[in-house]
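A.B. asks: First, the structure itself, so that you have it in front of you.
The values are calculated or read from the model by the stated rules, or taken from the named source; none is laboratory data. Source: prediction; values computed, not measured. When we count neighbours, we look across all protein chains shown, and the Cβ atoms used for this are built from the backbone with ideal geometry, even at glycine.
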Amino acid sequence: MTALAPLVESRLLGSLTLHAIQAGGQRLDGGAMFGVVPKPLWEKRIAPDERNRIQLGMRCLLVEHPNALVLIDTGAGNKEDAKFRDIYGLDNAGANGRTALEDGLAQLGYGPEDVDLVVNTHLHFDHAGGNTYRDADGKIAPSFPRARYVVQNGEVHFATKTNERTAASYLAPNFQPLVDVGVIDEVVGEVELLPGIVTLPTPGHTPFHQSVLLESDGEVACFLGDVVPTTNHLPLPWIMGYDLEPLVTLESKRWLLRRAREEGWTLIFEHDATVAWDRIAHDGKAYGLVSVLGDSVKHPSGAGPEEGKVTPVI
Ligand SMILES: [Zn+2]
């Protein structure tokens, strides 16, 4: 099984400092992770375990911005029981009863009280579980006592009105306590939260899913969330079976990856077990990492590859 990336990896983006914190791992069914892509294709890229699960990361991003300390997504938190953790292969414990996310923050010299702003790509348990925590008395409270939490308005409403298909991923203790104490700032569409930090709607995984764009001194990075969860999801039709609107995901990926390639964005992969970030290129068939394909892959038209011609995978 793939080993997880280090707890903390750091880099600069212009005048911003980015820290990718590996907030533990999870193992999910490989078939569900690749939707309609047949197993003989996906298992060539990533080998499943004996329960057909593949190793994933749960990467959060801490951004040191001159005006605020910003955390994007919060991992799975500490509230789930052993059965739940086994089903989803959750392994996010840190040292001394802490979570791996808390360990990562501590390694960087921060405590939960230092975080000013939390941004959730969406409210699924593996992205928002660390929004709140259960204390020794069993009481659930916000994990970051000084922080405001930014979520798309539509996502908050969608998460609180679940149905049989969506309920397993939206667990009220991850967000209802925040609603109750009034610390969620609901945003609509593209909003600049701080200079150079912008919410970027990328619907499909959920109807109001968002990515986060970071820009400083001409450099751009994008925290993708679940629109492209791992580097293995770069090919356009490699879309998770979990996605509620897979054809909407397809269109989000189409414009997002095209823009990322043309504008040289650094992409940040939340669920990739090993790769935190890279830029992308295209080899004429599909997108891939610059570190794999090389930087020189160019298409003479400047229009990019014929991504409209999606090769059927079934
Ligand atoms: Zn996810």
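A.B. asks: Looking only at the range 26-48, filter to residues that are among the aliphatic types (A, V, I, L, M) and part of a loop (DSSP other than H, G, I, E, B); which one of those is nearest to the chain's Cα centre (by Cα)?
C.D. replies: Pass one, the range 26-48, residues among the aliphatic types (A, V, I, L, M): 28, 32-33, 36-37, 41, 46-47.
Going one step further and asking which of them are part of a loop (DSSP other than H, G, I, E, B), we end up with 36-37, 46-47.
Numbers: Val36: 21, Val37: 21, Ile46: 19, Ala47: 21 Å.
Selected residue: Ile46.
A.B. asks: Could I ask something else about it? Residues in the range 111-128 that are farther than 9 Å from Asp73 by Cα and small (Gly, Ala, Ser): how many?
C.D. replies: Here the count works out to 1.
A.B. asks: Working carefully through the options Asp226, Asp217, find the one that is in contact with a Ser or Thr (Cβ under 9 Å, 6 or more places away or on another chain) and either crowded, with 20+ Cβ neighbours inside 10 Å or hydroxyl-bearing (Ser, Thr, Tyr) (or both).
C.D. replies: Details: Asp217 fails: either crowded, with 20+ Cβ neighbours inside 10 Å or hydroxyl-bearing (Ser, Thr, Tyr) (or both).
Result of the check over Asp226, Asp217: Asp226.
A.B. asks: May I ask you to list the residues in the range 111-166 that are in contact (Cβ under 8 Å) with a residue 12 or more places away in the chain, small (Gly, Ala, Ser) and either more than 16 Å from the ligand (Cβ to nearest atom) or touching a helix residue (DSSP H, G or I) at 6+ places or on another chain (Cβ under 6 Å) (or both)?
C.D. replies: Matches in the range 111-166: Ala128, Gly129, Gly130, Ala141, Ser143, Ala147, Gly154.
A.B. asks: Out of the residues in the range 167-184 meeting the condition of being aliphatic (A, V, I, L, M) and touching a helix residue (DSSP H, G or I) at 6+ places or on another chain (Cβ under 8 Å), tell me which one is nearest to Asp226 (Cα to Cα). Let's see the steps before the verdict.
C.D. replies: Of the residues in the range 167-184, the ones aliphatic (A, V, I, L, M) are 167-168, 171-172, 178-179, 181, 183-184.
Still in the list and also touching a helix residue (DSSP H, G or I) at 6+ places or on another chain (Cβ under 8 Å): 171-172, 178-179, 184.
Values: Leu171: 18, Ala172: 20, Leu178: 22, Val179: 23, Ile184: 21 Å.
Taking the candidates together, the pick is Leu171.
Every residue, every condition in (1) of a type outside the set (A, V, I, L, M); (2) in contact with a Ser or Thr (Cβ under 6 Å, 6 or more places away or on another chain); (3) modelled with pLDDT of 95 or more, yes or no:
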position	(1), (2), (3)
Ala5	no, yes, no
Gly14	yes, yes, yes
Met58	no, no, yes
Asn96	yes, no, no
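A.B. asks: Here is a further query. Are there strands (runs of 3 or more DSSP E) fully within the range 203-276 with at least 1 residues that are within 23 Å of Val156 (Cα to Cα) and of a type in the set (Ser, Thr, Tyr)? List them. Talk me through it step by step, then tell me what you get.
C.D. replies: Working: elements: 210-216, 219-223, 266-268.
Output list reads 210-216.
A.B. asks: If you don't mind, there's one more thing I want to ask. Assess whether Arg259 counts as being away from the ligand (no atom under 16 Å from the Cβ), more than 30 Å from Ala3 (Cα to Cα), of a type in the set (Lys, Arg) and without any contact (Cβ under 8 Å) to a residue 40 or more places away in the chain.
C.D. replies: Numbers: away from the ligand (no atom under 16 Å from the Cβ): yes; more than 30 Å from Ala3 (Cα to Cα): yes; of a type in the set (Lys, Arg): yes; without any contact (Cβ under 8 Å) to a residue 40 or more places away in the chain: yes.
So Arg259 fits the description; yes.
A.B. asks: Mind checking whether some residue in the range 106-118 is within 22 Å of His205 (Cα to Cα) and buried (at least 17 other Cβ atoms within 10 Å of the Cβ)?
C.D. replies: Filtering the range 106-118 for residues within 22 Å of His205 (Cα to Cα) gives 118.
Still in the list and also buried (at least 17 other Cβ atoms within 10 Å of the Cβ): 118.
Within the range 106-118, one or more residues are within 22 Å of His205 (Cα to Cα) and buried (at least 17 other Cβ atoms within 10 Å of the Cβ).
A.B. asks: Which count do you get for residues in the range 188-202 that are assigned to a loop (DSSP other than H, G, I, E, B) and more than 16 Å from the ligand (Cβ to nearest atom)? Quick ask: steps written out before the conclusion?
C.D. replies: Narrowing the range 188-202 to residues assigned to a loop (DSSP other than H, G, I, E, B): 188-191, 195-196, 202.
Add one more test, that the residue is more than 16 Å from the ligand (Cβ to nearest atom), and what stays is 188-191, 195-196.
Total satisfying the criteria: 6.
A.B. asks: Test Ser296 against the stated conditions and say whether it is at pLDDT below 95, out of contact with any helix residue (DSSP H, G or I) (no Cβ under 6 Å at 6 or more places or on another chain) and assigned to a loop (DSSP other than H, G, I, E, B). Give the steps one after another, and end with the answer.
C.D. replies: Values: at pLDDT below 95: yes; out of contact with any helix residue (DSSP H, G or I) (no Cβ under 6 Å at 6 or more places or on another chain): yes; assigned to a loop (DSSP other than H, G, I, E, B): yes.
Yes: the conditions hold for Ser296.
A.B. asks: Also, I was wondering about something else. Ala32: buried (at least 22 other Cβ atoms within 10 Å of the Cβ) and not β-branched (Val, Ile, Thr), yes or no? Talk me through it step by step, then tell me what you get.
C.D. replies: On the way: buried (at least 22 other Cβ atoms within 10 Å of the Cβ): no; not β-branched (Val, Ile, Thr): yes.
Criteria not met by Ala32.
A.B. asks: How many of the residues making up the range 49-89 are away from the ligand (no atom under 16 Å from the Cβ), part of a loop (DSSP other than H, G, I, E, B) and closer than 19 Å to Ala128 by Cβ?
C.D. replies: Final tally of qualifying residues: 3.
A.B. asks: Further, regarding this structure: Working carefully through the options Ala147, Ala172, Ala136, find the one that is within 26 Å of Asn67 (Cα to Cα) and either among the aliphatic types (A, V, I, L, M) or crowded, with 16+ Cβ neighbours inside 10 Å (or both). Spell out the reasoning first.
C.D. replies: Numbers: Ala172 fails: within 26 Å of Asn67 (Cα to Cα); Ala136 fails: within 26 Å of Asn67 (Cα to Cα).
Ala147 is the lone residue from the list that is within 26 Å of Asn67 (Cα to Cα) and either among the aliphatic types (A, V, I, L, M) or crowded, with 16+ Cβ neighbours inside 10 Å (or both).
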